[in-house]
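A quick write-up on the structure given underneath.
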């Protein structure tokens, strides 16, 4: 799911609501927000723009507005070639899991809105683990739920923090960077491709 444009939209709406006349653009968003927890994002906004709110308050605001947006399926967009890849993996009967840093309510809303729930054997979210990415917790839990050793699993990630989490858990990692994460250091991944369709090519080798 292409969630980053929605998160950027919410952050800019938050700034406007607190009287800050500033727009977070793509480059800054990718550098300072992507792959970082919502609370750390809130702390960044408070420190930079001197917003009179606590990090908890700003984080709750973000979750509430984001939940409202993703509740409308018309706002949900799959990443390019995602459906083709998912259909290919399902046809090969490969067990799939979601390992997300987002809250469970958000993940479940998105998966339900995109009608993808039946494809995944396991789902681990930021609500289910003590430590978010780049800690390996979400991937370790997902492998446990799949009952498959991490060394036999492959992670698809789009950010350095997500890729680091998967590697720390012992998985192989293919990174598919988006326009916000292309600048990040992703050299430690096992492979890098520009779109999800290329993942099929790698799996067929």
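Sort out which residues of segment 194-203 are closer than 24 Å to residue 8 by Cα and either touching a residue at least 24 places away in the same chain (Cβ under 8 Å) or touching a helix residue (DSSP H, G or I) at 6+ places or on another chain (Cβ under 8 Å) (or both), and write them in order of number.
Applying the first criterion (closer than 24 Å to residue 8 by Cα) to segment 194-203 yields 194-196.
If the condition is that a residue be closer than 24 Å to residue 8 by Cα and either touching a residue at least 24 places away in the same chain (Cβ under 8 Å) or touching a helix residue (DSSP H, G or I) at 6+ places or on another chain (Cβ under 8 Å) (or both), then 195, 196 are the ones that fit.
When you look at residue 128, is it over 24 Å from residue 200 (Cα atoms) and out of contact with any strand residue (DSSP E or B) (no Cβ under 9 Å at 6 or more places or on another chain), yes or no?
Against the criterion (over 24 Å from residue 200 (Cα atoms) and out of contact with any strand residue (DSSP E or B) (no Cβ under 9 Å at 6 or more places or on another chain)), residue 128 qualifies.
Given the structure, is residue 26 assigned by TED's automatic domain parsing to the domain that holds residue 181, surrounded by fewer than 18 Cβ atoms within 10 Å (Cβ to Cβ) and within 30 Å of residue 202 (Cβ to Cβ)?
Answer is no for this residue.
Surrounded by fewer than 17 Cβ atoms within 10 Å (Cβ to Cβ), out of contact with any helix residue (DSSP H, G or I) (no Cβ under 6 Å at 6 or more places or on another chain) and at positive phi - does that describe any residue in segment 92-111?
Yes, the conditions are met somewhere in segment 92-111.
If I ask for residues that are surrounded by 12 or more Cβ atoms within 10 Å (Cβ to Cβ) and free of Cβ contacts under 8 Å to residues at least 24 places away in the same chain, which ones from segment 66-86 would you list?
Once the filter is applied, which keeps residues that are surrounded by 12 or more Cβ atoms within 10 Å (Cβ to Cβ) and free of Cβ contacts under 8 Å to residues at least 24 places away in the same chain, segment 66-86 yields only 83.
Quickly run through segment 40-65 and pick out the residues that are closer than 19 Å to residue 101 by Cα and without any contact (Cβ under 8 Å) to a residue 40 or more places away in the chain.
40, 41, 42, 43, 44, 55, 56, 59, 60, 64
Residue 39 is checked against (1) at pLDDT 95 or above; (2) touching a helix residue (DSSP H, G or I) at 6+ places or on another chain (Cβ under 8 Å); (3) over 30 Å from residue 204 (Cβ atoms) and fails just one. What number does that condition carry?
It fails just one condition, (1).
Those residues that are crowded, with 21+ Cβ neighbours inside 10 Å, part of a helix (DSSP H, G or I) and out of contact with any helix residue (DSSP H, G or I) (no Cβ under 8 Å at 6 or more places or on another chain), I need them from segment 140-189; list them, please.
Hits for segment 140-189 are 142, 160, 162, 163, 164.
The values are calculated or read from the model by the stated rules, or taken from the named source; none is laboratory data. Being a predicted model, the structure only gives us computed values, none of them experimental. A quick note on method: Cβ atoms are made from the backbone with ideal geometry, for glycine too, and the neighbour counts reach across all protein chains shown.
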